[in-house]
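Notes follow the structure.
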Amino acid sequence: MAGIGLTGVLTADFLDRFTRVGTKSSLAPRTAGASSEQDSLAAGLRIGARTFSTAIDGLSTAASFVNLSEQSLEQLRDVTSQLIDVTKQATLISTNSSARESLDIRFHKLSSEFRNIVKNATTGDNEFLSKSGLEEVFRSVGLDSKTSSSIANVFSQFITPNTDDALASEYVAGGQERIPVGAFHTHSADSSTKFTKITNSGISNGQITTVNNVFSDTDNILNQNPGVRSLFTTNTVGSTTGIAAGSLSANITLIAVNETNGYSVIRSTDDLVGHNAAGAPNLFLVDPNGVVLQQITANTDASFTFNYASLTQDNSQVAYIQHDSGGGTNDEARLVVLGSVDQDPATYTTTDLYSTSDLSNIAINNAGTYVAMIDASSGRRGVLIQTGTLDIDGTFTGYSSGVNVSALGFYGEHDVALVGSDGVYSYAGDTQDFNQIASANVGAFATLEAVGGHGTVVYEDTDALTINSANGIAASFESFSTVFSYTASDSVSRLSLAFNVDGVNVDYGIQGSLVSKTGSAASQLYRIENNPLYTTGRKLKRSSPDEYDPITGEQQDSIFADSRSIDTRAEAYRTLKDLKALKGQIDKNLSALSEARDLIADNIKLLKATGKAFAEESGRISEESDAEDLANKLRERIRGSTSAAVLAQAGNLNSVTVAALTALVSR
């Protein structure tokens, strides 16, 4: 074993092997008439020196085999990098269907090039791009992973899938990919989106959610609170409900909407749940069916009001800004943890987050761990606060101070998109990267948070809506394209985003006057979603696995199977994940090959030192010399001329010697 040191290998018995070979062969001619033990030892040493020279030749051949593996893997790494670049382009929203099909053709050409390199990676009967091929070559020169711990350690570092033992396997799987929202827009026929007008009269505020649409309007719709601005919800089948009849005596204002579950926050002076006897402006939580659940704030001062609020995904916390319309105090940003629906709001846990003379546009992330807002008291800068510690992210404030922030929102847990005077910016809270993702004169704006930073931003620019899908890496955004266009005669006052009921695609909400689309000049709510009836007229490919895992029996899908393609964004994302895994496998195996080459080099150095010691000692044998004494001298000479790393390979001497002697005797 390789764990055995030189003392355990280079013994009198080890020398006796060469002595016995010398008496039975003509490998080392003996001196005429010589029959002494010393002559036999000298002859054995000369045979040993020759054996080690043969072993060096064998290991040099193995090193050449490793070099061939490295060269071919480098070629495959280059091809894989090209495949990744091509596939990345196919994931972009800005890549149209025609360009994506051209990229798919390029992808398959590169796939063929990859396969040809693998197919031709043979020398004799050995495949030098397979783990088993490498093991066979190493074994043939005496370096066996089954008997040598150092060799076993090297081969344990090679990464291969269950399906095969290729060093660059097309069956490597990258695991399940989280495909960014919007990536399933795979069609390119007449109408890729479904356009729906939600309201039938002018509204003051409206937003979409996954489960419904929420808007405020004078109640001439249901006449439950006639003449008063009320809150209405429209579900997915078009049924409209409003706040309970007769409950309103004054106009309500829609402040915030939870885009996931349709809950909303309204401002009202009415005593809607029994805790607002003073008739002061307060915030209330409303469920998707228009039922007022609970009062959020406990304000009793008529001069205070609330224009901005934001809900966590589970509606358990609300971040809001309290404004003193009398000008007596600063604006106060607060976070309230809601209690039970019948609890007095004055007993809720409320935390003061930030205070200054002019605050606006507050937003809280889904989990309630970060709050962002605009501080307009000094240059309209952004403020990002961690709610658990109340720490302010000074980097974000510093970056945003120079862009004149007018709107902001979360697209990841601590990732914020914001609108500046010259475009749209993104900030990644974990890496503190700040980037301009679009240069535009932005009007309406909205964000949608998603897990891992894969969120969405939509904004109005030059009579068109543009969507950006975040890739979750360093606040950068992968793609952008116009998703909806209209004319200069139209106007958009508010945008909103929500996941479609399919849980994958994103729907867009527009509040505004779209005369060119509907003929109505009134400000109404519209919803844009993927058209489920929309097809390209061509058959969609279905991936068909063409191999089986020999261990699990499960089907294995080759990255380069004919059934695979990158002509849709979803497939491109899936393939990109696998290609990155393939590149990772190649990189790791290149590193393992480098270690294998170094290991061979150390074994060659040991063989050279041992052969030199054998040759030199063969001419210095005296009448007093015996095998034990000679073994000691040889070990001392070898130790004096080699490093510790080289001596660590001493355990391989025995097996390498056997392989070399076998080759030498058979000549």
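In the stretch 216-232, how many residues are more than 49 Å from the chain's Cα centre (by Cα) and at pLDDT 90 or above?
So the answer is 1.
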Going by what's in this entry, would GLY379 be described as at pLDDT below 95, open to solvent by less than 10 Å² (accessible area, probe 1.4 Å) and either charged (D, E, K, R) or more than 26 Å from LEU285 (Cβ to Cβ) (or both)? no
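Table: residues versus (1) over 24 Å from LEU408 (Cα atoms); (2) touching a residue at least 40 places away in the same chain (Cβ under 8 Å); (3) touching a Lys or Arg at 6+ places or on another chain (Cβ under 8 Å).
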position	(1), (2), (3)
ASN251	yes, no, yes
ILE255	no, yes, yes
ASP271	yes, no, no
ASN276	yes, no, no
ASP287	yes, no, no
ILE296	no, yes, no
THR305	no, no, yes
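Of all residues in the stretch 421-435, how many are in a strand (DSSP E or B), among the hydroxyl-bearing types (Ser, Thr, Tyr) and under 13 Å from ASP393 (Cα atoms)?
Looking only at that region, the number is 1.
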The number of residues in the stretch 194-215 that are open to solvent by less than 40 Å² (accessible area, probe 1.4 Å) and either modelled with pLDDT of 90 or more or over 17 Å from VAL492 (Cα atoms) (or both) is 10
Out of everything in the stretch 11-38 that is assigned to a helix (DSSP H, G or I) and either of a type in the set (A, V, I, L, M, F, W, C) or under 17 Å from ARG620 (Cα atoms) (or both), what residue ends up being modelled with the lowest pLDDT? VAL21
3 or more residues among the aromatic types (Phe, Trp, Tyr) and in contact with a strand residue (DSSP E or B) (Cβ under 9 Å, 6 or more places away or on another chain): qualifying strands (runs of 3 or more DSSP E) within the stretch 252-332: 304-311
Of the residues in the stretch 411-437 that are among the hydroxyl-bearing types (Ser, Thr, Tyr) and within 19 Å of the chain's Cα centre (by Cα), the one that is modelled with the lowest pLDDT is THR431
Where in the stretch 438-514 are the strands (runs of 3 or more DSSP E), entirely inside, with at least 2 residues that are modelled with pLDDT under 80? 464-470, 477-485
Those residues of the stretch 338-363 which are more than 37 Å from the chain's Cα centre (by Cα), of a type in the set (Ser, Thr, Tyr) and under 24 Å from THR397 (Cβ atoms) amount to SER355, THR356, SER357
Residue list for the stretch 142-171, filter: in contact with a Leu (Cβ under 9 Å, 6 or more places away or on another chain), assigned to a loop (DSSP other than H, G, I, E, B) and open to solvent by less than 20 Å² (accessible area, probe 1.4 Å): GLY142, LEU143, PHE158, LEU167, ALA168, SER169
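So that you can scan it fast, the table gives a plain yes or no per residue for (1) open to solvent by less than 10 Å² (accessible area, probe 1.4 Å); (2) aromatic (Phe, Trp, Tyr); (3) touching a Lys or Arg at 6+ places or on another chain (Cβ under 6 Å):
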| site | (1), (2), (3) |
| --- | --- |
| ASN366 | no, no, no |
| TYR370 | no, yes, no |
| VAL383 | yes, no, no |
| THR387 | no, no, no |
| ILE392 | no, no, no |
| TYR399 | no, yes, no |
| ASN404 | no, no, yes |
| GLU413 | no, no, no |
| ASP433 | no, no, no |
Please determine, by comparing only the residues of the stretch 584-617 that are more than 22 Å from GLU70 (Cβ to Cβ) and not aliphatic (A, V, I, L, M), which one is nearest to the chain's Cα centre (by Cα). LYS608
Test result for ILE374, open to solvent by 40 Å² or more (accessible area, probe 1.4 Å), in contact (Cβ under 8 Å) with a residue 12 or more places away in the chain, touching a strand residue (DSSP E or B) at 6+ places or on another chain (Cβ under 9 Å) and of a type in the set (Val, Ile, Thr): no
In the stretch 64-81, which residues are more than 18 Å from PHE560 (Cβ to Cβ), touching a Lys or Arg at 6+ places or on another chain (Cβ under 8 Å) and open to solvent by 20 Å² or more (accessible area, probe 1.4 Å)? ASN67, GLU70
Members of the stretch 353-410 found to be of a type in the set (Ser, Thr, Tyr) and in a strand (DSSP E or B), listed by number: TYR354, SER355, THR356, SER360, TYR370
Within the stretch 82-117, which residues are open to solvent by 20 Å² or more (accessible area, probe 1.4 Å) and of a type in the set (Gly, Ala, Ser)? SER94, SER97, SER98, ALA99, SER102, SER112
Within the stretch 90-106, is even one residue within 19 Å of GLN71 (Cα to Cα), among the aliphatic types (A, V, I, L, M) and out of contact with any strand residue (DSSP E or B) (no Cβ under 8 Å at 6 or more places or on another chain)? no
The stretch 333-352, residues that are open to solvent by less than 20 Å² (accessible area, probe 1.4 Å) and part of a loop (DSSP other than H, G, I, E, B): TYR348
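Let's see how each residue does on (1) open to solvent by 20 Å² or more (accessible area, probe 1.4 Å); (2) under 15 Å from PHE14 (Cα atoms); (3) of a type in the set (Lys, Arg); (4) touching an Asp or Glu at 6+ places or on another chain (Cβ under 8 Å):
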site	(1), (2), (3), (4)
THR610	no, yes, no, no
ALA615	yes, no, no, no
GLU624	yes, no, no, no
ALA627	yes, yes, no, yes
ALA645	yes, no, no, yes
ASN652	no, yes, no, no
VAL658	yes, yes, no, no
Test result for SER563, modelled with pLDDT under 90, surrounded by fewer than 17 Cβ atoms within 10 Å (Cβ to Cβ), out of contact with any Gly (no Cβ under 9 Å at 6 or more places or on another chain) and of a type in the set (Gly, Ala, Ser): yes
What pairs can you find where one residue is in the stretch 485-510 and touching a residue at least 12 places away in the same chain (Cβ under 8 Å) and among the hydroxyl-bearing types (Ser, Thr, Tyr), the other is outside any strand (DSSP E or B) and open to solvent by less than 20 Å² (accessible area, probe 1.4 Å), and their Cβ atoms are less than 9 Å apart, with a gap of 6+ or different chains? TYR486/LEU514; THR487/LEU514; SER491/LEU514; SER493/ALA444; SER496/THR209
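Considering each residue of the stretch 582-603, count those that are among the polar types (S, T, N, Q), closer than 30 Å to GLY5 by Cα and open to solvent by less than 10 Å² (accessible area, probe 1.4 Å), and give that number.
Of the residues in the stretch 582-603, 2 are among the polar types (S, T, N, Q), closer than 30 Å to GLY5 by Cα and open to solvent by less than 10 Å² (accessible area, probe 1.4 Å).
The values are calculated or read from the model by the stated rules, or taken from the named source; none is laboratory data. In this text the structure is predicted, and so the values were computed from the model without any measurement. Don't worry about glycine lacking a Cβ; one is built from the backbone with ideal geometry, like all the others, and counts go over all protein chains shown. Ligands, DNA and RNA are stripped out before the accessible areas are found, and what is left, the full protein with its side chains, is counted by its heavy atoms. Shrake-Rupley method; radii C 1.70, N 1.55, O 1.52, S 1.80 Å.
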